[in-house]
Amino acid sequence: MSITMTPLERLRRTLNFQETDEVVTGEIIQNSGLINHFAEREVRNDWVMDEIAATYRELRIDVGMLIAAAGKPHTETRYGLTYEVTFWSEWVVKRPFDDVRGAQDFLKKLITDLQNSDPHTIWSYAGPGGIVGQEVGNYAAYFEKLKGEIHPTVPCHIESPIGLDVIYNMLGWELFSYLLADDPGLVSEAFEALNRHEERRVHLVADPEISPLVIVYCDIASKKDVILSPVYLRKEFFPKLGRLVDAWHEHGVKVIFHSEGNIKKVMDDLVACEIDGINPLEPENISLEYARENYPELVLWGGIDDKQLLPFGTTGQVEEAVKNAIDVCIDGGLILGSSGEIHPEVKPQNAIALFQTAKRYGRG
């Protein structure tokens, strides 16, 4: 193809399996070493928006997700839960309960609060708030500002939570498991309340002119298998996923489903929910080759190993992996990137090789 497309044009055509001028790339970047290449100072996990935006622009990455200035490591309390927060992740370190009765009371309050909560509020795994716990306020205004800051990179809609991992992260797996056995109805009610809240939010914010795609997420698998039985997932999880997919589709936004781990056992269930694609395509779990061979109708986002290859491999090995990924998806529908994110342990030169090779080799 001789014409040159904008990232948005390229992305829209990729989502519809149409020919593009070059392969689309998409990424989460949380790596000071990489950002250093495009900043005018030494960045030490303290990058500002201009510096991360410059990284996306210089690498010509078409789609960005979770793009924000680096937060300073700290401890904070949200919805009664105490979190240890770093610039790239966060986790619960203290809960206001330590037994089943306390967990039950916590969920009952959560249900009531969700029913009265402003639908604009995003309930991520971290509780009420915005992108990685940051307050967004008016979503449309936030996105309009973000688009201007990272142009021409297209911002992906902020991840849309189905809700199950919100519960198991808040409770912790031990108490979540006890409640699932002793009071499954309460868990189901809380899951329903979270899912309905997100559905209401979608109808307020979904706009393909802001972004034509969204990541709908919930980690439901380990490296070996799904972490909850397929029977439970078919009863509780997939109907709610399907409802959320329908809500985004109603507004013309394509849905990429994200889960870490080996989800092969439930791939057919995911497809039945009418998802448009999957992420992150971990080579050891759901590889690009497996997904393209068995589910050729799905858009694939990710695929380049961020656990071994990008942290420990050579640039030559990265280049070969990128070329192979493009060849596997020769018929289109590929958003090329890491199988997770450009995290702090990724070699900066390998990340650069990933995106430069993609643009050089993946021309239409």
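For beta carbons closer than 8 Å, sequence separation of 6+ or different chains, a first residue in region 160-179 that is over 30 Å from Pro212 (Cβ atoms) and a second that is charged (D, E, K, R) and surrounded by fewer than 20 Cβ atoms within 10 Å (Cβ to Cβ), the qualifying pairs are Met170/Arg95; Leu171/Arg95; Gly172/Arg95; Leu175/Asp99.
Among residues that are modelled with pLDDT of 95 or more, within 24 Å of His157 (Cα to Cα), basic (Lys, Arg) and not in a loop (DSSP other than H, G, I, E, B), Arg243 is included. With respect to the conditions (1) out of contact with any strand residue (DSSP E or B) (no Cβ under 7 Å at 6 or more places or on another chain); (2) within 24 Å of Phe191 (Cβ to Cβ); (3) in a loop (DSSP other than H, G, I, E, B); (4) not hydrophobic (A, V, I, L, M, F, W, C), Lys223 lacks only one, and its number is (2).
From the list Gly64, Gly80, the one residue that fits, being among the small types (Gly, Ala, Ser) and at positive phi, is Gly80. Checking each residue in region 79-100 for being buried (at least 17 other Cβ atoms within 10 Å of the Cβ) and in a strand (DSSP E or B) picks out Leu81, Tyr83, Val85, Glu90, Val92. For region 1-58, the candidate set comprises residues that are buried (at least 21 other Cβ atoms within 10 Å of the Cβ), over 19 Å from the mean Cα position of the chain (by Cα) and aliphatic (A, V, I, L, M); within that set, the residue that is nearest to Leu298 (Cα to Cα) is Val23.
Give the residues of region 16-36 that are touching an Asp or Glu at 6+ places or on another chain (Cβ under 7 Å) and in a helix (DSSP H, G or I), sorted by residue number. If the condition is that a residue be touching an Asp or Glu at 6+ places or on another chain (Cβ under 7 Å) and in a helix (DSSP H, G or I), then Ile35, Asn36 are the ones that fit. Among residues of region 181-209 being buried (at least 19 other Cβ atoms within 10 Å of the Cβ) and of a type in the set (A, V, I, L, M, F, W, C), the one that is nearest to Lys254 (Cα to Cα) is Ala206.
Here is the figure for region 253-274: residues that are in contact with a strand residue (DSSP E or B) (Cβ under 7 Å, 6 or more places away or on another chain), within 20 Å of Leu228 (Cα to Cα), part of a loop (DSSP other than H, G, I, E, B) and not polar (S, T, N, Q) total 3.
Filtered by the rule that a residue be acidic (Asp, Glu) and either part of a helix (DSSP H, G or I) or at pLDDT 95 or above (or both), region 182-218 gives Asp182, Asp183, Glu189, Glu192, Glu198, Glu199.
The values are calculated or read from the model by the stated rules, or taken from the named source; none is laboratory data. No experiment lies behind these values; they were computed from the predicted model shown. For neighbour counting, all protein chains shown are included, and Cβ atoms are generated from backbone atoms with ideal geometry for every residue, glycine included.
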